[in-house]
Amino acid sequence: MQIQRVYIVGAGVMGTGIAETVASTGIDVTLLDKTARQAEYGVKRIDESMAREIERWGLTESEKKAILSRIHPSGDLSLIVDADMLIEAIPDKLDLKRELFAEMDRISPPEAILVTNTSTLSISEIASATSRPEKVIGMHFLNPVPKVQIVEIVRGLRTSDETYMTIREFALSINKRPILVHEYPGYVTTRIIVPVLNEAMHVLMEGISTAEDIDNAMRLGFGFNVGPLALADMMGLDEVMAWMENLIRELSDHKYNPCPLLRKMVRAGRLGVKTGEGFFKYDADGNRLRSAVEDGKW
């Protein structure tokens, strides 16, 4: 099956990153959200992100214009009647995803593949809300989507071989390296990185070292491109905490219990880059300014 008509539902950080990635390979994408205004705002964020890449000589103005011309924002879910593939990129909450998948299943052609970008939830449980569980599969992209080379392809209990092979070929066509994952809580990347992030937060909370030095230790000592605390800020601290809560609920393993400092920061609305402050402070363009620690206390 050749994928030509791609719809992405959810114009947040992940949805816009996926839209930019797909459009950059010459495929037209419709970016959907609850309203056209929200979808248009998502395209505006893509525009701003690519403008920063141009400043860093990572992209040309003509490439930016070509990519944006292939992304079509809309608030009308009924457009999916001609979809070859739908990629869901809404918040990682099971009830929301099941409700959306039931609606996509009702509207879209029966041969369309339904993809979820969930990082911890059960593909099989999401698929059970549809009449085509064999055509439901996970594509777990990592943020920032245009720059991270891999994507986890997660098979549910009833995902067909045909669906898997189609999505694997699609991943290769958008210049991603597919990693096959059989459904299990947290898959590969989330399950491994979450305890690292959580432990870094405990080290900070216990006053063992500063946020800056913890990140430098992991970057310089173990070859991390980004330190764990800065990485958590990039991911969104509310999202990181949601992953931990999903994993501890599924696996009952204490190592996934969110650090009290993380809970405190999420409750205070300090969610990382998207709010301008997490473990570090950021400007409006997401550039890091300094550690958010004040007088040695959080």
Flag for ALA102 being in contact (Cβ under 8 Å) with a residue 12 or more places away in the chain, surrounded by 22 or more Cβ atoms within 10 Å (Cβ to Cβ) and not hydroxyl-bearing (Ser, Thr, Tyr): no
Say whether the condition of being under 22 Å from GLY286 (Cα atoms), touching a residue at least 24 places away in the same chain (Cβ under 8 Å) and either charged (D, E, K, R) or assigned to a helix (DSSP H, G or I) (or both) is met by at least one residue in the range 74-90. no
Residues of the range 162-204 satisfying the condition of being within 14 Å of MET85 (Cβ to Cβ) and either assigned by TED's automatic domain parsing to the domain that holds GLY227 or β-branched (Val, Ile, Thr) (or both): THR163, THR166, ILE167, ILE174
For the range 8-47, which residues satisfy the criterion of being surrounded by fewer than 24 Cβ atoms within 10 Å (Cβ to Cβ) and in contact (Cβ under 8 Å) with a residue 60 or more places away in the chain? GLY12, VAL13, THR21, SER24, THR25, ILE27
I'd like the residue in the range 210-220 that is part of a helix (DSSP H, G or I) and in contact with a strand residue (DSSP E or B) (Cβ under 8 Å, 6 or more places away or on another chain) and, out of all such residues, is nearest to THR120 (Cα to Cα). ALA211
Taking the condition more than 18 Å from PHE141 (Cα to Cα), among the aliphatic types (A, V, I, L, M) and not assigned by TED's automatic domain parsing to the domain that holds THR275, does ALA11 pass? no
Suppose we keep only residues that are in a helix (DSSP H, G or I) and exposed (fewer than 14 other Cβ atoms within 10 Å of the Cβ) within the range 170-201. Which one would you say is modelled with the lowest pLDDT? ILE192
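Please pick out the residue among THR35, THR16 that is touching a Gly at 6+ places or on another chain (Cβ under 9 Å) and farther than 24 Å from ILE150 by Cα.
Working: THR16 fails: farther than 24 Å from ILE150 by Cα.
Going through THR35, THR16 in turn, just one is touching a Gly at 6+ places or on another chain (Cβ under 9 Å) and farther than 24 Å from ILE150 by Cα: THR35.
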Can we say ARG106 is in the same structural domain as MET139 (by TED's automatic domain parsing), touching a helix residue (DSSP H, G or I) at 6+ places or on another chain (Cβ under 9 Å), assigned to a helix (DSSP H, G or I) and under 30 Å from ASN246 (Cα atoms)? no
Counting just the residues of the range 120-135 that are touching a Gly at 6+ places or on another chain (Cβ under 8 Å) and among the polar types (S, T, N, Q), which one comes out surrounded by the fewest Cβ atoms within 10 Å (Cβ to Cβ)? SER124
Among the residues of the range 110-147, count how many are among the acidic types (Asp, Glu), more than 30 Å from GLY272 (Cβ to Cβ) and in contact with a helix residue (DSSP H, G or I) (Cβ under 7 Å, 6 or more places away or on another chain). 1
Any idea how many residues of the range 231-243 are crowded, with 21+ Cβ neighbours inside 10 Å and farther than 13 Å from ARG270 by Cα? 2
Can you work out which of the residues in the range 181-206 that are touching a residue at least 24 places away in the same chain (Cβ under 8 Å) and more than 23 Å from the chain's Cα centre (by Cα) is nearest to MET139 (Cα to Cα)? HIS202
For the range 221-254, enumerate the residues that are outside any helix (DSSP H, G or I), of a type in the set (Gly, Ala, Ser) and within 18 Å of the chain's Cα centre (by Cα). GLY236
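The values are calculated or read from the model by the stated rules, or taken from the named source; none is laboratory data. Predicted model only: the values in this text are computed from it and were never measured. We place every Cβ from the backbone using ideal geometry, glycine too, and count neighbours over all the protein chains shown.
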